[in-house]
1. So, in region B:65-80, how many residues would count as being over 26 Å from the mean Cα position of the chain (by Cα) and assigned to a loop (DSSP other than H, G, I, E, B)?
2. For residues that are away from chain A (no Cβ under 13 Å) and free of Cβ contacts under 8 Å to residues at least 24 places away in the same chain, scanning just region B:504-548, find the one that is nearest to residue B:52 (Cα to Cα).
3. Those residues that are out of contact with any Pro (no Cβ under 6 Å at 6 or more places or on another chain), among the aliphatic types (A, V, I, L, M) and within 14 Å of chain A (Cβ to nearest Cβ), I need them from region B:430-458; list them, please.
4. Condition (residue is closer than 19 Å to residue B:191 by Cβ, crowded, with 21+ Cβ neighbours inside 10 Å, within 18 Å of the chain's Cα centre (by Cα) and among the hydrophobic types (A, V, I, L, M, F, W, C)) applied to region B:300-311: is it met by at least one residue?
5. How many residues are in a strand (DSSP E or B) and either basic (Lys, Arg) or surrounded by fewer than 20 Cβ atoms within 10 Å (Cβ to Cβ) (or both) if we restrict to region B:335-352?
6. Counting only residues that are hydroxyl-bearing (Ser, Thr, Tyr) and touching a helix residue (DSSP H, G or I) at 6+ places or on another chain (Cβ under 7 Å), give me the strands (runs of 3 or more DSSP E) lying completely in region B:221-325 with at least 1 of them.
7. Just wondering, is there one or more residues in region B:44-66 that are of a type outside the set (A, V, I, L, M, F, W, C), over 30 Å from residue B:365 (Cβ atoms) and free of Cβ contacts under 8 Å to residues at least 60 places away in the same chain?
8. Every residue in region A:80-95 that is farther than 21 Å from residue A:133 by Cα, of a type in the set (D, E, K, R) and at pLDDT 90 or above, please.
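The values are calculated or read from the model by the stated rules, or taken from the named source; none is laboratory data. What you see is a predicted model; the values in this text were computed from it and never measured. All Cβ positions, glycine included, derive from the backbone under ideal geometry; neighbour counts span all protein chains shown.
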Amino acid sequence: MALFDASDLVTRTLNLINRPDADEAFTRTTTNDVLYQYVSDGQRRICELLAWQVPEVSYEPPTQLISSDNGLTYGFGTDSDGNPILPLGQIELRGDGPKGLPILPGNDWDDTTLVYLLDTNASTGYPVIRWPGQRTRTFANGLWCRYVKPTLQITSSSSPVTLKPFLCRELIPYQAAVSCATQLDMDPGPYQSQFDARWYEILAILKTQKHGAGLAAFPNTSGVWWKRGVY
Amino acid sequence: MQPLKGRQTDVLISGPWSMVNDAVDSTTANTSTLYAAQNMYPDPQLGSWVGRPGSRPMGQTGGAGPGTQLGQSGHRRVQGSITWTKRNTNGTVTRYTVVVCGGKFYTYDWSLDTYTEVETAADFTAKSITLDKDSRVFFTVCGTQTGFAQLHVSDGVNVPFLWDGSTGGGTGAGLTKLTNSPVLYGQPWMYYAKVMGTMNANRGRTVWGEENDPTVGYLMPAYNNVWQDPGAQDANPLYGGIGTNDAIYLYRNRSTVSITGRLDTQFSTTGVRADVSNTVGVASSASLVFHEGTIFFQDADGRLRYQAGNTVNDTLWRESRQTTNTLNLGQLQVVQAVDYVPAGVILFGVPGPDQSDMSLLMAVSMTSGAPHFVGTWSGFGTFSCLAMALDQDGVPVLLRGDTNGYVYRFGDPNRVGSTQIWDDYSSAGVASPITHVLTPSYLGGNTDTERQFLRADAVFRADSNMTVGASYQTPRSTSNLLSTTIMGTGTLYGEALYGEFTYGGGTTEVHRAFGYGRNANGRWLLPSFTHQSVGEQFGMLAMSVDAVQVSRQPRTP
């Protein structure tokens with residue numbers, strides 16, 4: 001059982017809520033399957049909070065987006081469960097290869113393909129990159145993106161825990177314990193308090209580390225935050 | 001665990017337990033009663049319930065491997081066994097453990113773990129004695145003209161004979177055919193130093209030999225030792241009899257009579273008869289056990305009873321009614337009971353569902369003072385013989401003989417060392433775990449109020465490591481099995497090593513909690529604990545369940 005793997009997270013959750021070793025409270029079909037669901041939900045929530053506050057820390061490596069309609073839309077594909085990927089929070093899009101120029105978000109009434117729209121494919125309903133005014137745009141070296149990918153379900157001790165950065169996994173048991181307490185009609189307050197206290201500490205660490213990241217792409221700003229003066 | 005928000009938690013306690021009551025009625029349960037106990041019995045001293053000893057085949061001649069198969073092809077039923085202690089002329093005693101199987105007459109050597117066919121077919125032929133190959137054999141120790149007791153052997157089919165402990169040697173040495181005795185039905189008994197029994201040819205007649213001389217008496221004209229059952233109230237045949245220092249008790253199928261008075265030629269007229277019961281009798285004479293002034297038996301309807309003097313008590317049946325209903329009541333003539341002193345229980349070998357031979361033991365204990373039903377012992381397959389013997393040290397040992405020529409000895413629950421056996425070994429010597437089940441009584445029984453049962457806390461007696469399972473049943477559902485492992489930290493006095501064991505304690509109490517889930521709700525909860533692992537012992541003291549009242553619903557099941 002490695003630090004913050006699925007088994008460790010479940011054990012930490014059980015320790016927090018002080019349940020016996022032999023326990024059926026969180027078993028519906030297989031042992032502790034409900035608890036793995038709570039751990040999974042906790043991971044997803046923390047991933048979303050990070051995407052909201054400091055998405056850079058959770059970005060995937062640059063991924064090429066593929067168009068199946070001659071450049072009208074570019075999709076993010078599906079995850080290993082077959083579900084369409086909706087990038088969380090701010091994305092970073094670059095045209096014509098992973099070293100291409102950044103493409104900024106725009107509006108549908110912009111008369112250009114130099115900005116992008118994030119909406120859904122009309123036929124599949126999947127999240128896609130689209131160009132204003134139903135324009136098409138193709139790239140010799142492809143359209144590339146960095147984004148926060150939603151985490152997958154943790155269903156058993158063998159499920160991978162994908163939350164990034166690693167230290168944020170410490171928060172998962174607190175969130176799972178809140179769910180456990182709610183289910184058992186216990187007071188979830190103590191576990192929520194522990195989550196809140198640690199969340200802000202970790203967030204402060206990440207905010208400081210990543211302060212101003214990405215601003216170099218914007219006019220009149222510097223990527224070096226200490227020279228910029230304001231945020 | 002932290003408490004629930006705004007809820008008053010009830011703690012529902014069960015234990016320590018003194019008996020089993022298998023009634024399927026949630027409102028009659030109480031804290032000192034178990035709903036079911038399988039392969040368990042109340043420890044006579046410590047107040048906990050412990051797993052029964054295991055058993056292994058005799059004749060392994062090395063402590064391992066297959067046992068010795070007795071009998072002969074087509075005749076492998078173990079017909080009977082007894083340990084007979086013979087006093088020698090110089091005052092010393094010799095113990096003989098006798099086993100009859102397939103018409104063969106063996107003695108068993110406890111030290112060597114070997115059998116000897118001490119009287120062979122040639123010996124029986126030499127003395128014109130016939131020993132049936134399949135019928136149950138009944139033993140009675142009786143005085144003789146030699147001044148020393150001999151073993152009276154009756155197979156219910158042929159004329160009984162005596163054995164004096166000698167080896168036949170092809171000439172039948174040690175055997176005496178009781179040519180004046182009629183064939184006897186069922187278990188004979190002793191009264192006024194006379195062998196008594198029911199005539200097989202006329203089961204309204206009870207006959208007896210002379211005092212310290214079973215070779216004469218009976219229906220011989222010079223003696224006319226016979227009591228004719230008048231049959232005025234019940235003309236049915238006699239099924240069993242037993243003699244105590246106070247009286248003879250004779251059992252028909254559904255009535256019982258006692259007779260007191262000196263057993264002499266005038267007995268048939270001077271014996272004082274008293275009705276014991278007009279409704280209760282026995283189906284098997286071997287089900288009668290005399291223990292400390294009380295007679296225990298199973299009646300012709302399968303109900304366990306005990307009888308003190310002329311008063312028959314039905315407490316045991318009321319505590320075991322559901323178990324009784326599952327028995328093969330058409331085969332109660334095979335029932336055999338023994339007084340298993342080392343565990344403080346009386347065991348009734350009974351035919352389980354659809355079984356023609358014994359397959360189940362029903363246990364009765366006096367640990368709490370009065371006799372009470374304490375559950376069943378099972379896992380043996382069928383068996384034809386149940387007996388108490390004495391080992392080389394004179395310690396009582398429970399024996400079980402199967403229908404395939406093997407006799408199994410049970411371990412001693414009180415001693416250490418090689419006599420400890422905690423698994424059931426097959427005839428091939430392969431160990432199988434014993435399934436221990438302890439089901440406390442219904443908890444929280446209520447007419448309409450529902451509870452959410454939160455957790456169970458149980459205290460176990462960890463004589464060894466244990467892998468314990470817990471489950472429960474409610475009116476609404478049944479749980480999954482929750483499993484936990486307990487490390488036994490105690491060790492028996494005399495076996496402990498300084499600095500390595502918890503010295504001086506043979507028992508360590510260990511507490512374990514079991515978390516109940518969403519299905520643990522309803523008007524009552526029936527918890528259950530199980531254990532089934534080779535090499536491990538199991539024991540349990542008490543348990544409790546935390547619960548909160550949640551609702552009163554008009555459609556509560």
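1. Of the residues in that region, 3 qualify.
2. B:505
3. Of everything in region B:430-458, those that are out of contact with any Pro (no Cβ under 6 Å at 6 or more places or on another chain), among the aliphatic types (A, V, I, L, M) and within 14 Å of chain A (Cβ to nearest Cβ) turn out to be B:454, B:458.
4. no
5. 1
6. On the way: elements: B:226-228, B:238-243, B:248-252, B:256-260, B:272-277, B:289-291, B:294-298, B:304-308, B:311-313.
Correct list: B:238-243, B:304-308.
7. Yes - at least one qualifying residue is present in region B:44-66.
8. A:92
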